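Have a look at the structure below before the remarks.
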Amino acid sequence: MREQEFGPRRSKETVKPGVMCQEIVFYYCKHCKNLFQLFGAGEGKILTCCGEKMQLLDAKSPSEVSECVLIDYKITGGYNENAVEVFWKIKKRNVSIKWIYIKTFTGGQIKYVTNPQKTSFIFALADEDAYAYCDEDPCLECVFQCKRGFEIYAYMGAGVLIKVPLEKMHANWQS
């Protein structure tokens, strides 16, 4: 009998954790192009930059920007090497992804696109964020939805923010 291995990033949780990370909102300055993020009760706050009120970014769904960019994800790794891969395809010239942020159960991670030829990022998960119901690799996207509550934010520049909730589910995953 093979001894079960426990990787250092494996979740020790026995039930799916609840979302502990507060809601996140992003503000944009039209003048200097700065972005600010706020956690918790950030919506409704008035932030200023360059002497003017900053714009609260209203995140778009992937379908609202599908003529410019396609963005999707997959969950990989099973119990011990749990990760979320975010990938995108640019469909129009002069469109690019500036950064990708993933909000998890306990916090978040951001990665900047420094190579315009790059089309994916892998966000490694650990502790509560790495909770997995099963050891399937890639994820079967079943009814347990282990990463439900996670959100992906992709910033295209000029105040355009895309929000992708991790809630895919396939009813026919066994076929």
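Taken together, the values in this text are just the output of simple stated rules run on the coordinates, not laboratory data. What you are looking at is a predicted structure, and each value in this text was computed from that prediction instead of being measured. Heads up, the Cβs are rebuilt from the backbone with ideal geometry, glycines too, and the neighbour counts pull from every protein chain shown.
Roughly what % of Cα-Cα distances in the stretch 28-175 sit above 19 Å, to the whole percent?
Considering the stretch 28-175, 57 percent of its Cα-Cα pairs are separated by more than 19 Å.
If you build a Gaussian network model of the chain, linking Cα atoms that sit under 10 Å apart, which residue out of PRO116, PRO138, PRO17 swings the most?
PRO116
What is the distance, in nm, between label points placed 7 Å from the Cα along the Cα-to-Cβ direction at CYS68 and at LYS12?
4.5 nm
For LYS111 paired with TYR133, estimate the spin-label separation in nm (one decimal), with each label point 7 Å from Cα along the Cα-to-Cβ line.
Placing both labels 7 Å beyond Cα along the Cβ direction yields 2.6 nm.
Run the dipole for the stretch 107-175 about the Cα centre, Lys and Arg Cβ at +1, Asp and Glu Cβ at -1, nothing else charged, and hand back the magnitude in debye, nearest 20.
420 debye
Pairs of alpha-carbon atoms within less than 8 angstrom and 6+ residues apart define the contacts here; what relative contact order does the chain have, in percent?
26 percent
In the chain, with Lys and Arg counted as +1 and Asp and Glu as -1 at Cβ, which of these residues, PHE121, VAL65, ALA132, has the Cα nearest the positive end of the dipole, that is, farthest along it?
VAL65
Any idea how far apart GLN55 and HIS170 come out in nm if each label point goes 7 Å out from Cα toward Cβ?
Those two pseudo-labels are separated by 3.8 nm.
Assigning unit charges at the beta carbon (Lys, Arg +1; Asp, Glu -1) and nothing else, what dipole magnitude in debye, to the nearest 20, does the stretch 1-95 show about its Cα centre?
Roughly 300 debye, rounded to the nearest 20.
Mind pulling up the Rg/Rh value for the stretch 58-112? Radius of gyration and Kirkwood radius, both on Cα.
Using only Cα positions, Rg/Rh for the stretch 58-112 is 1.02.
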